[in-house]
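First the structure, in the form of structure tokens, and then the observations on it.
The values are calculated or read from the model by the stated rules, or taken from the named source; none is laboratory data. Note that this is a predicted model, so its numbers are computed, not measured. All Cβ positions, even for glycine, are placed from backbone atoms using ideal geometry, and neighbour counts span all protein chains on display.
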Amino acid sequence: MTVKSMNSSVSAVDRPASRSARALSDAEVALYRHLGHLTVDRVFSPEQAEAVIADIERWGESFLAELPESQRAWYLDAGVGARTVLRKLDNPHHHREMIRELARSPALVALVESLIGPGVSVYFSQIFFKPPEGGGPKPAHQDNFYFGPNDPEGVVTAWIALDDATLENGCLYFGEGTNRGPVYPHVAPAGEPFNLQLPQSILDRQPMQPTPVMRGSVSFHHGNTFHRSGPNHSTRWRRACALHYVNERTFFEHPALPYDDALKLRIS
Ligand SMILES: O=C(O)CCC(=O)C(=O)O
């Protein structure tokens with residue numbers, strides 16, 4: 001198995017289609033610690049991604065039908081004017097058995113444990129829909145500003161691509177090396193108190209690398225790593241499931257938004 005030196009994606013060429021559990025190599029972990037993110041190709045099969053999409057679509061329909069007016073601005077994608085489309089759903093690991101199965105999959109857990117150590121839990125999780133023809137961008141932020149963990153090294157996000165994520169449909173962009181820097185105070189636009197983001201004055205000094213990811217592959221990022229996603233100008237969906245893992249010593253000590261500790265799911 002090879003690790004590309006100029007990029008954080010692990011080659012899939014010598015990988016079987018169905019992933020068996022393996023730890024990350026020392027070189028992969030070193031790359032993650034250097035750049036603040038790492039992509040591992042084809043952790044899940046296209047069929048698994050399709051099954052998750054069918055499940056979250058069913059859930060999304062019932063969620064939308066019951067969504068109170070007061071929460072529409074946060075959960076709906078404002079960029080798609082022609083129809084009502086969800087932007088995101090919270091805590092799928094709590095609501096959907098299929099997401100719990102993903103979170104517990106030995107192939108994924110072995111990778112997560114390589115990054116933050118054994119004994120991991122999912123503290124929070126999200127589905128991002130990024131619909132075609134208008135799905136909006138996600139502004140640059142650091143997960144650890146939102147989560148406020150007692151130990152910034154104890155958090156990793158496993159971002160599972162349910163569709164191919166490309167430049168056209170809104171892949172993630174990372175500020176490489178920002179994992180080795182501080183967590184900065186974030187700001188929120190008027191009327192959007194939940195939409196916390198890094199101030200432009202800091203982003204002006206920080207290049208962000210686009211990171212396309214194939215369906216079924218997992219992009220891991222450190223909680224301090226600057227990241228954002230682009231808009232979806234294409235005709236294709238860009239759906240993803242983000243599982244925010246912590247190790248057994250880590251908890252959200254001073255979160256910027258309310259997170260329900262009771263939903264924390266022990267995995268290993
Ligand atoms: O998928 C996106 O557009 C945003 C993802 C994100 O911010 C995260 O996984 O922490």
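Remarks
- Extreme residue, nearest to residue 24 (Cα to Cα), among residues of the range 60-109 that are part of a loop (DSSP other than H, G, I, E, B) and among the acidic types (Asp, Glu): 77
- Count - residues of the range 101-131 that are buried (at least 17 other Cβ atoms within 10 Å of the Cβ) and within 24 Å of residue 237 (Cα to Cα): 11
- When 114, 121 are checked against the criterion of being modelled with pLDDT of 95 or more, assigned to a strand (DSSP E or B) and polar (S, T, N, Q), 121 stands alone in meeting it.
Yes/no per residue for (1) in contact (Cβ under 8 Å) with a residue 12 or more places away in the chain; (2) among the hydrophobic types (A, V, I, L, M, F, W, C); (3) more than 13 Å from the ligand (Cβ to nearest atom):
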| residue | (1), (2), (3) |
| --- | --- |
| 75 | yes, no, yes |
| 78 | yes, yes, yes |
| 83 | no, no, yes |
| 87 | yes, no, no |
| 103 | yes, yes, yes |
| 108 | yes, yes, yes |
| 112 | yes, yes, yes |
| 118 | yes, no, yes |
| 129 | yes, yes, no |
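- Of the listed requirements (1) within 20 Å of residue 40 (Cβ to Cβ); (2) away from the ligand (no atom under 16 Å from the Cβ), residue 66 misses just one: (1).
- Scanning the range 36-53 for residues that are hydrophobic (A, V, I, L, M, F, W, C) and touching a strand residue (DSSP E or B) at 6+ places or on another chain (Cβ under 7 Å) yields 38, 40, 43, 44, 52.
- Some residue of the range 136-157 being of a type in the set (Phe, Trp, Tyr), in a strand (DSSP E or B), touching a residue at least 60 places away in the same chain (Cβ under 8 Å) and farther than 20 Å from residue 235 by Cβ: no
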